[in-house]
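In what follows, a structure is listed as structure tokens, so that the remarks can point back to it.
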Amino acid sequence: MHESTNNGSRKHWWQTGVVYQVYPRSFQDSNGDGVGDLPGILGRLDYLQGLGVDAIWISPVYPSPMDDFGYDISDYTGIHPLFGTMQDFDRLLAETHRRGLKLILDLVPNHTSDQHPWFRASRASRNHPKRDWYLWRDPAPGGGPPNNWLSEFGGSAWAWDEQTVQYYYHAYLTQQPDLNWRNPEVQAAMFDVMRFWLDKGVDGFRVDVMWHMVKDDQFRNNPVNPDYTPTMSPYQQLIPAYSADQPEVHQVVAMMRAVMDEYPERVLIGEIYLPVDRLVAYYGTGNSGAHLPFNFALISLPWDARQIARTIDQYEGALPPEGWPNWVLGNHDRPRIATRVGRDQARVAALLLLTLRGTPTMYYGDELGMQDVPIPPELVQDPWEKNVPGLGFGRDPVRTPMPWDGSTHGGFSTVTPWLPLSPDYGHTHAAAQREDPASMLSLYRSLLALRRREPALHAGSYAPVPAEGNLLAYIRQWGESRLLVVLNLGPAPALFEAPGIGTAGDVVAATHPERSGKRVGEGIALNGNEGVVVRLAPS
Ligand code: GLC
């Protein structure tokens, strides 16, 4: 089994800290239009500071027609009026920094909105100087799209342009044409965008769909996926062998990293949905890759202790020598953890996320145990759900407003919000949870404080401990300090024994509050859905 040691070397903030994703539309509305905004986030910095996170990543707040809720950008260096002004942004950044927190922006370099001036120019005529900024192709010899590539959001990835009689490629919506990253002018333009925000002082970027950025230069057909079943997204009918994760993408990432390295202490995070062996290639070699290629194993895997244990091991073992691990438990695209595994087990998941080795990323509201909110058809907003209805891909349920208190609209807004609040917000809101030591919020706060206090957790080594059935166990160690984490991923009680190691010690964190501060002896009898962190005697 793979053991890691990272003792000794100096750590960066993005290694020891915890990232919290804010989905701005749903965090806090300050101007009564039913949509969250930047002044809203500013007003909730106290909450985030009190929670104990270190960095805030905000999903896109740039001008956009909102076909994909801001992931279709029409101006990379502006702020959408819905979210406020550039002054609001500057104030948010300054106030975030004043509190010792970091601010990470979402960068969407793979595609623009079809309303972006670059694309308007590109589609104006075949010989426009910006024509080659996007991926234009003639129809296939017999007519129809140039190849079989599919859009992640359903249908062909090629859209026909009447005026210039060519197709353009879009990995997502037709309103999101892909940029041509082989074109040096595109590269230079986007690097200038990065510098614009880095000059302002933002602490890093989360790069949208990093693995999509470069496509096969011969536009070869993707092979058919023999494992496709109709319950999968239609996109998965093909294996994206030629439309994503091309070898040349690493040159692009290296150039982006070089831009980041013009500034001190910035972080480059990549959104990458790939198997572990392909994922770790995005660390690059030396200083050529992303600092944190997002690791979505906990989002993607079945909630099974043996599979998760194997994957942690595999991931730890696959990391390049200088590669710093990271773990993500939720985001604005995937079902919420408390819905996937239930609210009780979500407490165990919190323990897992915040005790693993590597930077954790939390999704807003998960600290309240927020669950997916079913959205009736007439209220559906998400274009994916509209394109591929009824298959369960809609992302509205995971993007509902944050419930702050028990007032009308949960303190999120003074008017009906753009998506409904969870029907149970009346007793699950943040204000109620703050007063309750047994709440999910209290658990998160104590775990975040523990992680901050304990070098074993934010910087220490990781060593798996053999366990069976639904149990998952490991030791985090820093110098003499050893913390044993034992988690029961199932609903039935289970006995954990580790004869070679010994389990006796004090419980320093637990899903079940009554367990905290108690001593455990040799062998730990866990309830269903229970997890503990035990301080072991020095070895
Ligand atoms: C990423 C974003 C997602 C968006 C897509 C297209 O996967 O997380 O929300 O729809 O990219 O930009």
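The values are calculated or read from the model by the stated rules, or taken from the named source; none is laboratory data. Bear in mind that the values here come from a model prediction, so they are computed numbers and not experimental data. With ideal geometry, Cβ positions are generated from the backbone for all residues, glycine too; neighbour counts draw on all protein chains shown. Quick note on the areas: whole protein, heavy atoms, side chains included, nothing else; ligands and nucleic acids left out. Shrake-Rupley method; radii C 1.70, N 1.55, O 1.52, S 1.80 Å.
Figures for the structure shown
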| quantity | calculated |
| --- | --- |
| Residue identified as free of Cβ contacts under 8 Å to residues at least 40 places away in the same chain, more than 29 Å from ALA509 (Cβ to Cβ), within 16 Å of the ligand (Cβ to nearest atom) and surrounded by 16 or more Cβ atoms within 10 Å (Cβ to Cβ) among ASP382, ASP372, ASP396 | ASP396 |
| Restricting the stretch 399-436 to residues that are β-branched (Val, Ile, Thr) and assigned to a helix (DSSP H, G or I), the residue that is least open to solvent (accessible area, probe 1.4 Å) | THR428 |
| Any pair with Cβ under 6 angstrom, 6 or more apart, that starts in the stretch 200-213 at a residue that is within 16 Å of TYR242 (Cβ to Cβ) and ends at one that is more than 16 Å from the ligand (Cβ to nearest atom) | MET213/VAL252 |
| Condition check for ARG445: under 24 Å from VAL18 (Cβ atoms), in the same structural domain as ALA349 (by TED's automatic domain parsing) and open to solvent by 20 Å² or more (accessible area, probe 1.4 Å) | yes |
| Filter result for the condition that a residue is open to solvent by 50 Å² or more (accessible area, probe 1.4 Å), in the same structural domain as GLN187 (by TED's automatic domain parsing), within 16 Å of the ligand (Cβ to nearest atom) and not small (Gly, Ala, Ser), over ARG334, ARG278, ARG343 | ARG334 |
| Any hit, the stretch 488-509, residues being in contact with a Phe, Trp or Tyr (Cβ under 9 Å, 6 or more places away or on another chain), open to solvent by less than 10 Å² (accessible area, probe 1.4 Å) and in a strand (DSSP E or B) | yes |
| Test: residue in the stretch 245-263 that is within 15 Å of the ligand (Cβ to nearest atom), free of Cβ contacts under 8 Å to residues at least 60 places away in the same chain and either over 25 Å from THR361 (Cβ atoms) or of a type outside the set (Val, Ile, Thr) (or both) | yes |
| Where LYS11 falls short, out of the listed (1) open to solvent by 10 Å² or more (accessible area, probe 1.4 Å); (2) more than 20 Å from the chain's Cα centre (by Cα); (3) within 23 Å of PHE412 (Cα to Cα); (4) in contact (Cβ under 8 Å) with a residue 24 or more places away in the chain | (3) |
| Evaluation of ASP106 against (1) in contact with a Lys or Arg (Cβ under 7 Å, 6 or more places away or on another chain); (2) over 30 Å from VAL53 (Cα atoms); (3) touching a residue at least 60 places away in the same chain (Cβ under 8 Å) (one fails), failing number | (2) |
